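The values are calculated or read from the model by the stated rules, or taken from the named source; none is laboratory data. All of these numbers come straight from a predicted model, not from anything done at the bench. Here Cβ is always computed from backbone atoms with ideal geometry, including for glycine, and neighbour counts include all displayed protein chains.
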Amino acid sequence: MTEQWTIGEFSRITHLSIRTLRRYHEQDLLVPAQVDPATGYRYYTPAQIRPALTIRRLRELDLPLASLRSFLQAESGGAGVEGRHTAQQIVATHLRRLEDRLGRTQRAVQALRELLDPQTERTVSLEVLPPQRVLAVSLDVPPGSDLSWYDSAMHDLDTAAGSRPVLPPGGRYEHALFTDGHGRATVYVPAEAPLPPGAPAKVKPLELPQRTAAVATHCGPHDDLDLTYAALGSFAAHRGLRSQNLVEEIYLVGPRDTDQPDHWRTLVAWLIDPDTDRSAT
């Protein structure tokens, strides 16, 4: 006869409170091996120890109930290797989400420490960016858009550039794109050669003029890119430099180059009306 324990005995063995075990039962996560129909007493078996402790760990890691049920179903569904693989994938996916969340939290803490330190300032300089020939995709980004418009533009530009080596890609964005959530954007790749035959229709040649800009190099992921923008805007405002209502980003090192965000380098240029600063030339 299979050994069975009362809920109290099972609680002492697993260090899960009776209240927690009852909740697991109510949520259909850990159903007792037997429930006495007359008394309602719950009984558990030794085989339920590992599932009980696994559920506890996964709930401590905030695995959603729906995902936890899918995990338990895959684990106990008798599907063999395939079932175990499915269960492992559910947990692996959640762990990646936790790692991403932890990374964002760590970066937020770093940004807050910088904001709380009045001695910390990001380096900004006034520079003149030279004229440049590029292949570009320009579009009006509608409200509520995700970054799929950027990915689509880069795909078209990569198709047009082919295997020719190019300098780092960049983008020119209206300030309204950030302040209002929609606006004009131009994504580009530097290219001296003319537009090749058969290039996507959205790709056009463009001559970027010489432009004056407050410039800073943003290091690392873009979670705290607002701090770099704030430094550039403050630099321009304190010197009475009027904005062209455009900002330019050049992705010196980005996701296309490395999967390590700490190695990203983004040159951010707050474009200035040249009439407000003659010394730039």
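Worth pointing out:
- Picking from residues in segment 208-221 that are surrounded by fewer than 16 Cβ atoms within 10 Å (Cβ to Cβ) and either out of contact with any Lys or Arg (no Cβ under 7 Å at 6 or more places or on another chain) or at pLDDT 95 or above (or both), the one that is farthest from S138 (Cα to Cα) is T217.
- Boolean, S138 is exposed (fewer than 12 other Cβ atoms within 10 Å of the Cβ), assigned by TED's automatic domain parsing to the domain that holds Y251, of a type in the set (G, A, S) and closer than 25 Å to T228 by Cα: no
- Test: residue in segment 198-209 that is in a loop (DSSP other than H, G, I, E, B), out of contact with any Ser or Thr (no Cβ under 9 Å at 6 or more places or on another chain) and closer than 19 Å to R242 by Cα: yes
The rows are residues; the columns are (1) modelled with pLDDT under 90; (2) assigned to a strand (DSSP E or B); (3) loosely packed, with under 10 Cβ neighbours inside 10 Å.
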site	(1), (2), (3)
Q48	no, no, no
A52	no, no, no
T86	yes, no, no
V134	no, yes, no
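- Look at segment 177-201: where a residue is under 25 Å from P142 (Cβ atoms) and a partner is assigned to a helix (DSSP H, G or I) and hydroxyl-bearing (S, T, Y), sitting 6+ places away or on another chain with Cβ atoms under 6 Å, you get P200/T159.
- Yes/no for F235 being more than 17 Å from L129 (Cβ to Cβ), among the aromatic types (F, W, Y) and either more than 20 Å from the chain's Cα centre (by Cα) or surrounded by fewer than 16 Cβ atoms within 10 Å (Cβ to Cβ) (or both): no
- Pairing each residue of segment 261-274 that is in contact (Cβ under 8 Å) with a residue 24 or more places away in the chain with any residue that is hydrophobic (A, V, I, L, M, F, W, C) and assigned to a helix (DSSP H, G or I), provided the two are 6+ apart or on different chains, yields C-beta distances under 7 Å for V268/L232; W270/L232; W270/A236; I272/A236; P274/A280.
- Failed item in (1) at pLDDT 90 or above; (2) closer than 28 Å to A176 by Cα, with V91 passing the rest: (2)
- Identity of the residue in segment 105-122, within 15 Å of the chain's Cα centre (by Cα) and loosely packed, with under 12 Cβ neighbours inside 10 Å, that ends up farthest from S67 (Cα to Cα): Q106
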